[in-house]
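The structure appears right after this line, and notes come after that.
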Amino acid sequence: MTGRQIVRICVIGVLASLLSGCPVPLLPGDESGSRTNVPDQVPGFIVVGKTTRGDVLLGVGEPDTASENQRQFTYDRYTRRGGALFIGAANGGVGGFVVERVTYRRLTVLFDEAGVVTSAELDRETCTQGGLDLDGHYPCLAPPVADLGFAGSIDASRPSGQGRAFDDVLWYEDTQGFDLARLIRRNVPETPIRGVLLVTDTALELYPTAADSASAPLFRLEYANVAAVSVATFGLSKRVVIRRRDGGYASFAIQHEQRIDRTTTRRAGEWIESRRRRVAAQ
């Protein structure tokens, strides 16, 4: 048993004792209201450059979220792995607290102007829910990454082509993750650039916050000029660290409702690194 598992058990025990009740087991299975047809990998019938929007609708059904121009569909599935409902006396009445282990799956499908699939990806993550943040992921998967309308408006006419857009990005130029000197020396404040980050198969582009399909990027960084991408952690915060081939650095974090979205930030870093490696292998 790992230290993290021991801590989880102890916290659950404390919560149970505070409620002075007995736990009611929650059986494994798909959460009520969740779709059940999102597997652990992209369905085989979805083929980039061939499958149409109509094929996806027939094969998977109506999406859980979609962009206004119908160029991005997302499908979510929530499966409980086990858990317990604690019921007992609380604040002079009857209270309850749920702790459960849940696997989230999200299928994201992008289409071109003709309605043909250009990208299909399956995100999968398991975490503990119920107010416990012992895994550092709460919730497991943040709301679908991207301002869907903005992402759909980026088309093949741009140098990078269509991509995935991340809203409310804080970009720190010339910063390697968390610059401890700046954090300690309060007289050297950090001044991030706030914008929308477009991640494509060939490059990163940062756009103004109010960008639309006609907006020009503030700057563009091709993966060919990136040496490595990693994720740095400092306390409860995370940043993606980009090391350029010229020896320079840049970092960014993604916010959600004015708070750093650690899960989406981490997953964005992993997604960018996978594409950088793909370009480097060509």
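Values in this text are rule-based calculations from the coordinates and carry no lab data. All figures in this text were calculated on a predicted structure; none of them were measured in a lab. Virtual Cβ from ideal backbone geometry, glycine too; neighbours counted across all protein chains shown.
Working from label points 7 Å from Cα in the Cα-to-Cβ sense, the Arg259 to Gln282 distance is 3.9 nm. In this simple spin-label approximation, Ser237 and Arg81 carry label points 7 Å from Cα along the Cα→Cβ vector, and these lie 3.0 nm apart.
Net length available on complete extension from Ala114 to Val47 is 22.6 nm, with 0.36 nm assigned per residue and the Cα-Cα distance removed.
Taking amide H as placed 1.01 Å from N in the peptide plane, Asp179 has no amide H partner under 5 Å among residues 5 or more places away or on another chain. Scanning residues 5 or more positions from Val226 or on other chains, those with amide H under 5 Å from its amide H are Arg245, with H placed 1.01 Å from N in the peptide plane. Can you tell me the FRET efficiency between Ala228 and Thr65 if r is taken as the Cβ-Cβ distance and R0 is 25 Å, rounded to the nearest 0.05? Efficiency at R0 = 25 Å is approximately 0.15.
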